[in-house]
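In what follows, a structure is listed as C-alpha cells, so that the remarks can point back to it.
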Amino acid sequence: MFALILAGGQGTRLWPLSRKKRPKQFLPLVGKKPLLCETVGRLLPLCPRRKIFTIAPVAESVWVRRLLPTLPQKNILIEPAGRNTAPAIGFALWHLVQRFPDEVAVILPADHAIRDAAKFRKILRKGEKFLKRHDGILTLGMKPTSPHTGYGYIQKGVSVNGSIYRVKRFREKPDLKTARKYLKSGDYFWNGGIFIGKIQFFLNEFKKQNPGMLQKLKSKNGYRSLKPVSIDYAIMEKTKRAFVIPAAIGWSDIGSFTELAKWHIDKLYESLFPKTPRARIFWDEAGLR
C-alpha cells in the first residue's frame, strides 16, 4: 500500500508554538517525536519507506528532509506554492500515476494524532481490500465522541459491504444544536481528511470534476495561478463514488490549544483509570466539548 502524507500548512491556530519557520507538523506536540514522524511511524508496519511519499512547499520540505533522513529523496515531492489540499493531492497523484496507476494509496495529513495505531492500520487494510474490488474513494469517518462544532461531518448512506457505507452527504461545521442532533442520530462521523483510493481512479475524478485544475497542475506557473481549495470541495462533495468506513481510533486534528489540552488530559486520565471510559466523561460533564 502507498501513502501520501500532506506535510504543508502553517498551523496558525497553534501560534506561538507553531511558527512559519517550524509549523505544528514538525513539532513534538503529543509525544517525544514530531507529528510528522508519528504519522510515518504509524504507517511503517503497513507501508514500506519506498512507498511513503510526502508533499509540501519548499520551506516545509526542508523540515521533511531533516526529520525523515531515511525516506528516499525522490519520495519528497515539492509543490510550487501552498494552495490547500486539492492542488497538492492532484499534483502528487499526477506524478505517481505514471509509475503506479493501479496501486491503492492512503492520503492523510502529517499533523494529526491517533491513539490506536493498530486499529488504524487494520481499517486501512480493510479499505485497501475493498478498493481492489470496487471503484471509489473511501474516507475514514471518525466516530464522534461529542457534539463538536469545529469539524465537518460525513453522513453515511446505505451499507455496501458490512461496515463500509456510501457517503450520503458531507456537512459543513455545524452549530451546537445541529451537532447534538448529528451525535444522537448515529449516522454522522467527523471528517478527518483521510482518504483511500486507487491512484488512477482518484486522478480520474480530478479529470471529471476539475479538468481545468488538473491542466494547471502540470506547470509551475499554472499551479501558482490556482486558487486555494480543499479536496472536500473540489472532489469529495462532487464524486458519486464516495464511501465511508467508521473509525473509532482515538483521532484528533490537534487543531487548537483546546484540542491539544484535551489530548493530554485524556492521556493522563487513561493512564490513571485504564479500565474506565475515556476522559471525554470529564469534558462532557464540564461542558467543554
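Points to keep in mind about this one:
- Enumeration of residues in segment 204-220 that are without any contact (Cβ under 8 Å) to a residue 12 or more places away in the chain and polar (S, T, N, Q): Asn204, Gln215, Ser219
- From Thr149, Thr139, residue being polar (S, T, N, Q) and in contact with a Gly (Cβ under 9 Å, 6 or more places away or on another chain): Thr139
- For segment 1-31, the candidate set comprises residues that are in a strand (DSSP E or B) and among the basic types (Lys, Arg); within that set, the residue that is least open to solvent (accessible area, probe 1.4 Å) is Arg22.
- Residue within segment 212-223 that is among the hydroxyl-bearing types (Ser, Thr, Tyr), more than 18 Å from the chain's Cα centre (by Cα) and closer than 30 Å to Lys262 by Cβ present: no
- Glu60 meets the stated requirement of being buried (at least 19 other Cβ atoms within 10 Å of the Cβ) and at pLDDT below 95.
- Pairs, first farther than 20 Å from Lys198 by Cα in segment 242-256, second polar (S, T, N, Q) and surrounded by fewer than 21 Cβ atoms within 10 Å (Cβ to Cβ), C-beta under 9 Å, six or more apart: Ala248/Thr145
- Among the residues listed as Arg50, Arg66, Arg42, the single one being within 27 Å of Arg99 (Cβ to Cβ), of a type in the set (Lys, Arg), open to solvent by less than 60 Å² (accessible area, probe 1.4 Å) and not in a loop (DSSP other than H, G, I, E, B): Arg42
- In the set (1) modelled with pLDDT of 95 or more; (2) open to solvent by less than 10 Å² (accessible area, probe 1.4 Å), Phe206 fails one condition alone, (1).
- Residue pairs whose Cβ atoms lie under 7 Å apart, sitting 6 or more positions apart in sequence or on different chains, and linking a residue in segment 148-173 that is without any contact (Cβ under 8 Å) to a residue 24 or more places away in the chain to a partner that is open to solvent by 80 Å² or more (accessible area, probe 1.4 Å), are Gly157/Arg166; Gly157/Lys168; Val158/Arg166.
- If the condition is being open to solvent by 20 Å² or more (accessible area, probe 1.4 Å), closer than 23 Å to Thr12 by Cα and within 16 Å of the chain's Cα centre (by Cα), then segment 227-252 contributes Val229, Ser230, Asp232, Tyr233, Trp251.
- When segment 143-164 is filtered for residues that are at pLDDT 95 or above and closer than 15 Å to Phe195 by Cβ, the ones remaining, listed by number, are Ile154, Ile164.
The values are calculated or read from the model by the stated rules, or taken from the named source; none is laboratory data. Just so we're clear, the structure is a prediction, and the values are computed from it rather than from any experiment. Glycine also receives a Cβ, built like all others from the backbone with ideal geometry; neighbour counts cover every protein chain displayed. In case anyone asks, the SASA skips ligands and DNA or RNA and just uses the protein heavy atoms, side chains included. Shrake-Rupley method; radii C 1.70, N 1.55, O 1.52, S 1.80 Å.
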